[in-house]
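Participant: Next up is a structure, given as structure tokens.
Bear in mind that the values in this text are calculations on the coordinates, not laboratory data. Computed from a prediction, not measured in an experiment: that's the story for all the values here. A quick note on method: Cβ atoms are made from the backbone with ideal geometry, for glycine too, and the neighbour counts reach across all protein chains shown.
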Amino acid sequence: MSNKQFSAGDHITSKCTKCKDTTNHTVVAMVGDKVARVECNTCGGIHNYRNVAEKKPISRSKASSPKPAKTTKIETEWENLLNDADPADATPYSMQMPIKPGALIQHPSFGLGRVIDTIQPNKMEVYFRSGVKLLRCSIA
Ligand SMILES: [Zn+2]
């Protein structure tokens, strides 16, 4: 990494959001040895310094839309979770019982389920054959 030391008043090339271009800037604020804020010499706008070198591919975030068809995968995972589950190991569901993720529980209505996550202060996500349910519990 190049260790060119900048200080306030120095000229630096930065991306300007207003100009939508890489323009000449003047350093106005430093954090440690890093340029924090710069003033655009073209439009006069002061903004956080954007390193020109680290270009984030913007098209990528569009291509990978977050969590598209995860439902089918969850069902498969759920089957795996229950395949090695022994109903004899399941704890009867109770709101008072301390729960940890991964615990196997037996619910009076939903049947056998695997705790996949706990949500503070008193909720847990459980996989049942009928789907994921949010249930009250005590978190261990
Ligand atoms: Zn500008």
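Participant: Counting alpha carbon pairs within less than 8 Å and at least 6 residues apart, what relative contact order, in whole percent, applies to region 11-55?
Facilitator: 34 percent
Participant: How high is the relative contact order of region 80-140, in percent, with contacts defined as C-alpha pairs under 8 Å that are six or more residues apart?
Facilitator: So the answer I get is 29 percent.
Participant: Related question: Quick one: length gained pulling Thr17 to Ile139 fully straight, 0.36 nm per residue minus the C-alpha distance?
Facilitator: Stretched out fully, the Thr17 to Ile139 stretch lengthens by 39.3 nm.
Participant: Taking R0 as 22 Å, what FRET efficiency do you get between His107 and Asn83 from their Cβ-Cβ distance, rounded to the nearest 0.05?
Facilitator: 0.75
Participant: What FRET efficiency do you get for Glu39 and Lys123 if R0 is 41 Å and r is their Cβ-Cβ distance, rounded to the nearest 0.05?
Facilitator: Between Glu39 and Lys123 the formula returns 0.25.
Participant: Classify region 11-55 as rounded, prolate or oblate, taking a ≥ b ≥ c as the square roots of the eigenvalues of its Cα gyration tensor: rounded when a/c is under 1.5, otherwise prolate if a/b is larger than b/c and oblate if not.
Facilitator: Oblate shape, in that a/c is at least 1.5 and b/c is the bigger or equal ratio.
Participant: Please compute the length gained on full extension between Thr26 and Met95, using 0.36 nm multiplied by the number of residues separating them and subtracting their Cα-Cα distance.
Facilitator: 18.8 nm
Participant: Further question: Could you please report the charge total around Gln96, scoring K, R as +1 and D, E as -1 over all other residues with beta-carbon less than 15 angstrom from its beta-carbon?
Facilitator: Net charge in that neighbourhood comes out at +3.
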